[in-house]
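Working notes, structure below.
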Amino acid sequence: MFNSITKERVFRVLEQVMDPEVGRSIVELNMVRSVEIENSRVSVEIALTVRGCPLAKTLEEDVRLAVQTIPGVSEVIVKMGTMGPEELQRFVGQIKARHPQAGTEHTRHIVAVGSGKGGVGKSTIALNLALSFLKLGKKVGLFDADIWGPSIAKMLNLRDMPTALADNLIEPLEVFQMKVMTFGTILRENQPVIWRGPMAHKAIEQFLLDTLWGELDYLIVDLPPGTGDVAISVSQLARIDGAVLVTTPQEVAALDVRKAINMFRSMGVRILGVVENMAYFRCSRCLEKHFIFGKNGAQTLSDLEHVPVLGQVPLDITLMEAEDKGFPFMFNVSENNEAYSALLNIARNIYQIFEPTH
């Protein structure tokens, strides 16, 4: 009796089985290690990228169901193995062929957002600067490099972890088509991070260079406060095209920002300018500006360090509430909002620095 079960037919049906993490055929990705046929019984061995893959059971069931569609198959045995070094290298090569290469090679501009001290709203500016570039039609990535106090996950209501496609290949999260990486999604909310310098450097290296950022116009890097290891690591690992320093109007904040400016200059990083956050509060009743934390701190800093003021962002309860609830401010507020206009203008000012002819 003619046996309709052949290896070629098994491979054809397996071409319809997609890796649940990558979204490509397991045959195309060379994950089908072997197919054995004994009468009406079919044995298939699948090679996973990492041991203990959380979606292994899903993939196993998909393979079994696909092979069972072949007439005459009475039993399907699926074995799950783990790729060896050579298999994994081929797998990573195929993934990278689908995506632009991992790392920042295909990013036009990398902008670091820093401050000399905490509490000035640096992450607020970094996030909304990235969202503003999205509003301007740019391809954007956001890297929350604040290992010890990541806040971007909370501000964007991110709960899922990024997908590890392989040991050295990470698929970032996406919000409004913005690619996002933050330590806030891999750490428990109240978990302290007790890492020495080399550990922090390795973590930054992995998140920055092993992530499939793809083709970006802007990658915004939210640095931790101060002038420590992480800022130095980012500068060493990637080509930073410019730094934005965030201050508040107080003199003490401006003093600390001067230290950050000098740190970036010592590493050869261009200072794009200063953003004054919480610059004033506009009363909804009298409509007057109230300078709660002082006045003209950014302008004083500009005069001392000869750097431009990119903009002033007012205190805005709508902005605060949006971040607490995980709603992207720039996509959930009226375009007449004063903080919205200020943030969008800051993005435009940076764009004009990089694209002066536009």
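Residues that are touching a Lys or Arg at 6+ places or on another chain (Cβ under 9 Å) and either farther than 30 Å from Ala238 by Cα or of a type in the set (A, V, I, L, M, F, W, C) (or both) within region 276-299 comprise Ala279, Tyr280, Phe281, Arg282, Cys283, Glu288, Lys289, His290, listed in sequence order. Here is the figure for region 147-205: residues that are in a helix (DSSP H, G or I) and modelled with pLDDT of 65 or more total 14.
For region 250-260, a residue qualifies if it is within 22 Å of Leu129 (Cβ to Cβ) and open to solvent by 90 Å² or more (accessible area, probe 1.4 Å), and exactly one does: Lys259. Taking the criterion of being open to solvent by 40 Å² or more (accessible area, probe 1.4 Å) and at pLDDT 90 or above, the residues of region 1-17 that qualify are Thr6, Lys7, Glu8, Arg9, Phe11, Arg12, Glu15, Gln16.
To keep it simple, each residue is scored yes or no on (1) open to solvent by 20 Å² or more (accessible area, probe 1.4 Å); (2) farther than 27 Å from Lys259 by Cβ.
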site: Gln299; (1), (2): yes, no
site: Leu310; (1), (2): no, no
site: Leu315; (1), (2): yes, no
site: Thr318; (1), (2): yes, yes
site: Glu321; (1), (2): yes, yes
site: Asp324; (1), (2): yes, yes
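Residues in region 261-281 that are farther than 22 Å from Ala347 by Cα and open to solvent by less than 90 Å² (accessible area, probe 1.4 Å): Asn262, Met263, Met267, Gly268. Screening Ser43 on (1) open to solvent by less than 70 Å² (accessible area, probe 1.4 Å); (2) in a loop (DSSP other than H, G, I, E, B); (3) among the polar types (S, T, N, Q) shows it passes everything except condition (2).
The values are calculated or read from the model by the stated rules, or taken from the named source; none is laboratory data. Keep in mind it's a predicted model, so treat the numbers as computed, not measured. Positions of Cβ are generated from backbone atoms using ideal geometry, with glycine treated the same way; all protein chains shown enter the neighbour counts. Just so you know, the surface numbers come from the protein's heavy atoms only, side chains and all, with ligands and any DNA or RNA stripped out. Shrake-Rupley method; radii C 1.70, N 1.55, O 1.52, S 1.80 Å.
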